[in-house]
1. Please find, among Ile784, Ile763, the residue that is open to solvent by 30 Å² or more (accessible area, probe 1.4 Å), closer than 19 Å to Tyr721 by Cβ and away from ligand 2 (no atom under 16 Å from the Cβ).
2. Could you figure out which of (1) assigned to a loop (DSSP other than H, G, I, E, B); (2) more than 14 Å from ligand 3 (Cβ to nearest atom); (3) crowded, with 19+ Cβ neighbours inside 10 Å isn't true of Gly516?
3. Restricting to region 541-571, and then to whatever is modelled with pLDDT of 90 or more and among the small types (Gly, Ala, Ser), can you tell me which residue is most open to solvent (accessible area, probe 1.4 Å)?
4. Test each condition in (1) more than 27 Å from the chain's Cα centre (by Cα); (2) within 18 Å of Cys92 (Cβ to Cβ); (3) assigned to a strand (DSSP E or B) for Thr773 and report the one that comes out false.
5. Here are the criteria: (1) within 21 Å of Met665 (Cα to Cα); (2) within 16 Å of ligand 2 (Cβ to nearest atom); (3) of a type in the set (A, V, I, L, M). Tell me which single one Met524 does not satisfy.
6. Which one is farthest from Ile261 (Cα to Cα) among residues in region 188-233 that are touching a strand residue (DSSP E or B) at 6+ places or on another chain (Cβ under 8 Å) and open to solvent by 30 Å² or more (accessible area, probe 1.4 Å)?
7. Just wondering, is there one or more residues in region 341-355 that are among the hydroxyl-bearing types (Ser, Thr, Tyr) and under 24 Å from Val299 (Cβ atoms)?
8. Filter region 89-107 for residues that are part of a helix (DSSP H, G or I) and either under 22 Å from Ala433 (Cα atoms) or open to solvent by less than 20 Å² (accessible area, probe 1.4 Å) (or both); which is modelled with the lowest pLDDT?
Amino acid sequence: MPFFIEVILPLSLPKPFTYAINEAEYGFIKKGMRVAIPFGRNKIYTGLVTDLHQNPPQLYQAKEIHQILDDFPIVTETQLKHWDWIASYYMCNIGDVYKSAMPSGFLLESETLITSKKDFDVSDTQLSDDEYLVYEALQKQSALKVQEVSAILNKKTTLPVINKLIAKNAISLQEEINEKYKPKTIRYIRMPQELLQQDQLSGLMELLSRSQKQRDAVMYYFQLQARDKKPISKKQFTEESGTSVAVIKSLVDKGVFEEYILEEDRIQFEKDDNSGFQLSDRQQEAFELVKQSFDTYKVTLLHGITSSGKTEIYIKLIEEFIKSGKQVLYLLPEIALTTQLVVRLTAYFGNQVAVFHSKYSNNERIETWQQVLEDSEKARVIIGARSALFLPFNDLGLIVIDEEHEQTFKQQDPAPRYHARDAAIMLAGMYDAKVLLGSATPGIETYYNATGGKYGYVQLTERYGKVLPPEIVLVDIKDKYKRKRMTGHFSDTLNEAIAEALSEGRQVILFQNRRGYSPWVECMTCGHVPQCPQCDVSLTYYKFKNQLRCHYCGYNIANPTHCHQCHSTDLSTKGFGTEQIEMELKGLFPTKNIWRMDQDTTRGKFGYEKIIDAFKNREIDILVGTQMLAKGLHFDNVSLVGILNADNMLYQPDFRAFERAYQMMVQVAGRAGRKDVRGKVLIQTYNPLHNIIQQVTNNDYPAMYKEQVYERHNFKYPPFYRLIRLTLKQRDYEKLKNGALWLYNVLSQNLNIPVLGPEEPAISRIRNEYIRTIMIKLPQGNSIGGTKRAIVKILDSFDAIPQYKSIRVSVNVDPY
Ligand code: ADP
Ligand code: ZN
Ligand code: ZN
């Protein structure tokens, strides 16, 4: 009797493949183990076993595996079930899910490049003969393909050797980013304890009697100490007091001051060191309600305004779950947010917290994977962005999804295009775990479910410490322009508010939802606007680099001196982005530290963290940025938030535009006035009476919801209809047009539900590929499975038509 296994490959293939094994292997292999298998011509991949059986495949001759890579399963059966669900719900291939779920260090293949690790010390570590050979070869050659290792070792079966070397930290995969987060260090000054005794102070002043500057510095130190009651950084001190570095040095020499260094993270630990905090009455009440809600509902929404202390409630809840031996998953929309949270959670839970994210090296990700699999004490709470959903949990009790409304939870490209919130709810169901969704501005669909009895609902309407919500002031810029009260893009009102906040030693955040200097350049003679030659968009002007750039493909040219159409030199920039705001600010407040945070300034590794750190350390007075600023970050010293132009958020061609504009404005506004000051938010707009602007001003989520849900109902959008968007791409315009029409016709004739399109999207060409979209709307209650199967069938027949074969179609279920 022959023996077979079903194996998933890390390739975009819809089904597992059957491979042949011998009887001994049959006795050893379990579902969830990896095997090295040949596929295609001379290629080796790491496949995953999903089944064992004795039925030879009908259509092909089963190949034999090369070898077994694991001693025990590294993927659980629940994971496999969850991956199957993702593949079927999001209409992608199981191979796509496998490939994106596993750290790439688990998926060696013949083409993978390996390199040596610089800091590896061979004398410290035992290497086998084979391992040593590979190590040695890598000292001479910067990188090797896995395939080439076969030649060096003179055998076919090399993946175990390479896996061992990775485990021993001797080598790494070439594509990976191997930088770890290095905590930033900051210099502080303080006065030695013994000098602070009452009886020493007069002596101290006498000691300094000959230097007015030194006396001033000491007096200022006392003032700061009394005001802030926290460590005083050298930088903050010199800047605020105007003391020179030389004066500080002589004070240090005299023993009046001493310098010390702390890591930025350590400060956090100290501040939260009495990390055993108490919930406020309101928080306690919400906490109890959440627990009660869990008795009835699997999913509960915690709708708490910004700064109400949702995180504290999560922490208390997590504590109860891990006490009862459960694992907890904490999902965040953005890995950049993890640093702050990790500090907070480790201060509370110590090293029971593990972090899983794509910026970590493969070795670290593999380590976390193993810890979760073994249910280790080191990984009771896992913090991560959406990919942490794929870890091999075995006793998951709770999933917390913070900022659940964030669209970054939805993966766009490549497949699987899953929504981490929804996939997490599915996963929780498989473990019988609870889900807590948290947000100050819940997604419309979530609020619909929470108020419609599908999810539990708990509200928290008070900021922690009874801090008042920020005062929101609208500035009508149409009127300001008319009355000539604008300087560049700043109204006199905004300008004065900034000056006032800065004079009080506060920091300011300014929000503008566009980057670059201005989004387009226009010829004033003929109206020509320079376009990207490869995409259907105008080029964005960057003043500092004196360039025009495409935001879709990166194409760029030097800023033209004359119009390419009519040669006129009368060119004008239109609209404005963050770069322009930053430059105007530098003119308005020349002595202040002004930084910008957008995709252009945060490109490098940790570019984002660097800016956040500098802002927290008060090295920045005014921070200008795009929606990156709106994420749940906490800054104690911000008293003013300005929104430069609320209008461009409102007019986007997307049924979620209003919802998003509301969320974005409320979230940015929430950055103002945390802790001890009431914050102020200034919104500049041409439409102060627009409903969304009014709803933001009144902090009236229910009104926003009511209006939006009414529109959604009328125009057949979620939560009343599920959407499936097909995107077709092809370089040949005519071919695409015909293919899209064919597909549209067949779909609408066969599906019996609304099919819209084929539409040219707002940007209808990117990198020389033309784009068409088709939208399918499934009414709630319609058999989703049946409709999806029908769609897949139609897509298969589309693929079988020779002239359309080259049109690429991607499927996006629940597009965002
Ligand atoms: P949210 O996530 O709801 O916006 P946070 O949980 O971040 O709010 O809380 C806002 C601020 O208030 C944080 O600085 C937090 O440390 C503080 N805070 C909230 N609740 C408490 C508490 N019970 N004890 C001490 N500090 C708290
Ligand atoms: Zn012109
Ligand atoms: Zn382009």
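The values are calculated or read from the model by the stated rules, or taken from the named source; none is laboratory data. Since this is a predicted model, take the numbers as computed values, not measurements. Here Cβ is always computed from backbone atoms with ideal geometry, including for glycine, and neighbour counts include all displayed protein chains. Each accessible area value is taken on the protein alone, full model and side chains, heavy atoms only, with ligands, DNA and RNA left out. Shrake-Rupley method; radii C 1.70, N 1.55, O 1.52, S 1.80 Å.
1. Details: Ile763 fails: closer than 19 Å to Tyr721 by Cβ.
The match here is Ile784.
2. All conditions are met except number (2).
3. Taking the candidates together, the pick is Ala558.
4. For Thr773, the exception is condition (1).
5. Unmet for Met524, out of (1) within 21 Å of Met665 (Cα to Cα); (2) within 16 Å of ligand 2 (Cβ to nearest atom); (3) of a type in the set (A, V, I, L, M): (1).
6. Looking only at region 188-233, we keep the residues that are touching a strand residue (DSSP E or B) at 6+ places or on another chain (Cβ under 8 Å), and these are 188-192, 221, 224-225, 231-233.
Among the residues that remain, those that are also open to solvent by 30 Å² or more (accessible area, probe 1.4 Å) are: 190, 225, 231.
Numbers: Arg190: 11, Gln225: 18, Pro231: 11 Å.
Here the residue is Gln225.
7. From region 341-355, those among the hydroxyl-bearing types (Ser, Thr, Tyr) are 346, 348; that's our starting set.
If we keep only those that are under 24 Å from Val299 (Cβ atoms) too, we end up with none.
No, that holds for no residue.
8. To start, the set of residues in region 89-107 that are part of a helix (DSSP H, G or I) comprises 89, 94-101, 104-106.
Next, from what is left, pick out any that are either under 22 Å from Ala433 (Cα atoms) or open to solvent by less than 20 Å² (accessible area, probe 1.4 Å) (or both): 89, 94-95, 97-98, 101, 105-106.
Values: Tyr89: 96, Ile94: 96, Gly95: 96, Val97: 97, Tyr98: 96, Ala101: 95, Gly105: 84, Phe106: 89.
Out of the qualifying residues, it is Gly105.
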